[in-house]
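Structure, as structure tokens:
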């Protein structure tokens, strides 16, 4: 028994139990909803369960990496990610009009997912090196680190991932102390550039998504069909929902991508307002714990990384729920820890592993 206790303590010494518990509850919820959304497809659920085991193992591995090693990983991870993005642009596979995947023989990878972690790590490393003399040009240098991968990803095109990486980089700039005056000026410049971006920076299908968000009824049987069906599913759930596997929109296949991007509509129809409130509470618990870890981070580097990961997770939740409910354009962002898919799940739990390393290593050093 003593040897078992020692082994358990060894396995969990760098794990934040509170955060892991909340994450596990969400992932279990995801499996339950996925079974219904996939029409009782057990193989799809078992595949996602395997994805979760892999993601949890990666989270555990990252949590065991000391903070100094995390800093050393920032530079190589960033440059490997950039090289892979360039390789995608040159040799990537085209699927549904987008070039996002790279075939490396044994499997396909989506390098843009790596940048969701590599960019905030690299920017935090950069600001850690220059924190004593932060000036406007230092922030400009951080912005250049952010802009390069965004341009490569937007070219694929992958607007959803580009938005998430932009957000993660902006959060690092914010936590590094970028003044409100500069942020206000950038906001004005961005607003002024919207017409130019609309005409030159967006493709026809992307402009159509924005117009559909504003008025789905203008193409009710075409581009607006998905949003209309999603809104019907969310509204028809009422207070208590229709019950597990009893949602008509999902079970009769009216909903698009109901196992991935639109799984929140399935959940809303089956569990209603009460279920949505409990789901939001779980997300708030995770975000609150991550904010606590950020506030207690021991260094500039760890504070910037933890803050960026926390708010990027919030952005995931906000963008997915916003696009499913029709207040944001559909950009292909999954619901964190709920939607089917291994790549995004691994990326998110990798980020949580970094947060656990930040939370647990300083405590062990102090004792």
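Rule-based calculations on the coordinates, nothing more; no lab input. Note that the structure is predicted; figures quoted are calculated from it, not measured. With ideal geometry, Cβ positions are generated from the backbone for all residues, glycine too; neighbour counts draw on all protein chains shown.
Annotations
- [x] 147; [y] 126; [z] 162, with the label sought being that of the calculated volume of the Cα convex hull per residue in Å³: [z]
- Relative contact order (%) - the chain, alpha-carbon pairs under 8 angstrom, separation at least six: 28
- Inter-centroid distance (Cα atoms) of the stretch 142-200 relative to the stretch 276-309, Å: 22
- Cβ-based exposure ranking for 175, 42, in which fewest neighbours within 10 Å come first: 42, 175
- Global geometry of the stretch 127-195, whether rounded, prolate or oblate, following the gyration tensor of its Cα atoms and the 1.5 cut on a/c: oblate
- For 240, 294, 260, order by how many other beta-carbon atoms lie within 10 Å, fewest first: 240, 260, 294
- Shape class for the stretch 290-360: prolate, because the ratio a/c of the largest to smallest gyration tensor axis (alpha-carbon atoms, square roots of eigenvalues) is 1.5 or more and a/b beats b/c.
- Length-normalised contact order for the stretch 220-367 - Cα pairs under 8 Å, 6+ apart - percent: 24
- Residue exposure sequence - 180, 244 - by fewest surrounding Cβ within 10 Å: 180, 244
- Viscosity 1.567 mPa s, 4 °C: Kirkwood-radius Stokes-Einstein D of the stretch 1-134 over Cα pairs, µm²/s: 71
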